[in-house]
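Here the structure is laid out as structure tokens; the discussion comes afterwards.
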Amino acid sequence: MCVKIRYITLSLIFVLLFNNSANAATLTHFSFSGKSGFDMMMGLLGGLAFFLIGMNMMSKSLERNSGAHLRKMLEGLTRNRWISFVAGSFISMIIQSSSATTAMTIGLVNSKFLKFRQTLGIILGAAIGTCITAQLIAFKITDYSLLIIVAGFLLNSFAKHPKYKNIGETLVGFGLIFYGMYVMSSSIIVVQSYQPFINILAKLENPLLGILIGSVATALLQSSAAFIGILMIVGSGGLLTLDAAISLLLGANLGTAFTAIAASFNTSREAKKVAAAQTVFKIAGVLLFVWWIPAFSHFIQSFQGQEIGNMHQEGGLSRQIANAYTVFNLGLAAVLLPLTDGIANILDRLLPGEEEQAGLKTRFLDNNLLPTPSLALKSAKLETLDVFHLIERMINSIFNMFMEKNPVIFSQIKADEEKVNYLYKEIDHYLLQITRENIREERINEAFQILYTVKELEQIGDVIAVKFVEKAQQWLDSGGDFSQEGKREIEEYYQLTIKQMRRAMEVFSEFNLEKAEHMKEKYKQYREISFELERHHFQRLKEEMKQSLESSDFHLELIDGLRIINSHSTNIARIILEWSEKAKDLN
């Protein structure tokens, strides 16, 4: 099974350490200095490790199966706050973390996928997706956790189609979540009669203390779902009241803002607004609910009836915690969603737009998108389209250099070449990071298509910067000129080269196989045209036309260079056709 080595190692370590922890669950006395204390700590930490590994596996496999739909959903987002709200809920349900959803949203804004105002609904919806996770955790199916793991393992091991392998991995992750909860709950039984620990938990009914602990714990775990799972375990053992749990839930919501703030470091001002909005929403949630926690607790207890509400029987308080978390986030969304425009206006005034900074930098690449390969690949594709535009400008510049003899253009070409080389290296590094993830074969193919395309574009840049610039400088020094007929032919072939370059951009952007085939046919025509133009030039040389004699070397170099550019442009279409054929063979 394709799981990161560090997670496998961590789980094995905790399995070894937890060999004797089952005995701890049967102890009636507890001592921090005794063997039972060590076993309990290992049980809690081991269970937490299984829980987090399961969350990671499940979210990764769900993303692999739903990543393409996720990309289309985000691309189709409008400024409609309700659509954004639903999208945020769905994304967070797949990723299994509202913090990760917000970090990804910051990356999307930083990469200019989305506008800041489009993300406010996503942020509010993200918390709802985590509520679904909490509701699933509240179902006490720990007795079947190992059965689920075995079923997922068998499906992942023996299924041939990647889709079913991912479903198997999802089941393994789902089972590990509940197995981790079983391990933690078995270990925590030890402290049910330890009065100092019970006294500490009783103090959590102080809202300020509960909020502080909840926010710090969630910031450290970087997962509100994981912290809520721990709350459910402690609560189901009768060690926590619902009032204290609600204070901790408020803190858990506030803690997710720390992840957003951390993700916004070294991003644009627009991206920082997303983190600011997340923080405002979470603070608003605390301020709205902290004043009436006892009444809110009574309201949640009424959902399950007085009998269950007054008992700490298995599943009772766990469900109440999940319900409290759900009602809190739905209520917060109901209050804040109609106010998003006003909040956006305030943040726009507090964090006005920033001027573009000079220097080499990428526009779309963002490491916050790497956990979602489908979006990371989209950002790499947009960055590559920027390289297309730079290359086209370089071709235009060098053509004008030969036609108009303007030496100022040299500095522009040099600057563009530096930018192309920089973007090539950055995109290459970014794509390699994506392929290190456990991603589907089609995503790997897409990454290599982008990488190959950038490489072809970089080679075009080298043709211009090395082959053409040197000749252009000699052309300026020579004081010569092209004949009228020669100038017309060069201009015609230049126009054909630009057309082929733009076709390559369309093929790459749209992944249009029909246009790719059309490009190959056009290249054959353009190649023949270049040979015909060279024959025309040699004919003029036979007639001993003075301008043709003086410009012969430059004329032939220009035609040859443009033909090479045509070839590199057509290679972009060829690689897309080749990889599409390989994809068919794999299916």
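Values as computed for the structure displayed
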item	result
Residues (of a type outside the set (Val, Ile, Thr) and open to solvent by 60 Å² or more (accessible area, probe 1.4 Å)) located in segment 132-154	136, 139, 140, 143, 144, 146, 147, 153, 154
Residue satisfying all of: in segment 127-183; of a type in the set (D, E, K, R) and farther than 17 Å from residue 53 by Cα; farthest from the chain's Cα centre (by Cα) among these	143
Scan of segment 449-475 for residues that are surrounded by fewer than 15 Cβ atoms within 10 Å (Cβ to Cβ) and in contact (Cβ under 8 Å) with a residue 60 or more places away in the chain, ordered by number	473, 474
Answer from 366, 386 - the residue that is open to solvent by less than 20 Å² (accessible area, probe 1.4 Å) and of a type in the set (Asp, Glu)	366
Unique residue being touching a Lys or Arg at 6+ places or on another chain (Cβ under 9 Å), open to solvent by 40 Å² or more (accessible area, probe 1.4 Å) and either under 29 Å from residue 401 (Cβ atoms) or free of Cβ contacts under 8 Å to residues at least 40 places away in the same chain (or both) when the list is 510, 506	506
Residue list for segment 106-131, filter: of a type in the set (Val, Ile, Thr), surrounded by 23 or more Cβ atoms within 10 Å (Cβ to Cβ) and in contact with a Gly (Cβ under 8 Å, 6 or more places away or on another chain)	122, 123
Index of the failed condition, residue 269 passing every other in (1) farther than 19 Å from residue 112 by Cβ; (2) under 36 Å from the mean Cα position of the chain (by Cα)	(1)
Failed item, numbered, when residue 284 is tested on (1) open to solvent by less than 10 Å² (accessible area, probe 1.4 Å); (2) modelled with pLDDT of 85 or more; (3) of a type in the set (Gly, Ala, Ser)	(1)
Filtered residues of segment 216-260 (kept if at pLDDT below 80, of a type outside the set (A, V, I, L, M) and either open to solvent by less than 10 Å² (accessible area, probe 1.4 Å) or assigned to a loop (DSSP other than H, G, I, E, B) (or both))	222, 223, 224, 229, 235, 237, 238
Long-range neighbours under 7 Å by Cβ, at least six apart or interchain, first residue on the phi < 0 side of the Ramachandran plot within segment 130-143, second assigned to a loop (DSSP other than H, G, I, E, B) and surrounded by fewer than 16 Cβ atoms within 10 Å (Cβ to Cβ)	140/314; 140/315
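The values are calculated or read from the model by the stated rules, or taken from the named source; none is laboratory data. Nothing here was measured: the structure is a model prediction, and the numbers come from that model. Because the Cβ atoms are built from the backbone with ideal geometry, glycine has one as well, and the counts that use them run over all protein chains shown. The protein model used for the area step is the full one, side chains on, heavy atoms only, and it has no ligands, DNA or RNA in it. Shrake-Rupley method; radii C 1.70, N 1.55, O 1.52, S 1.80 Å.
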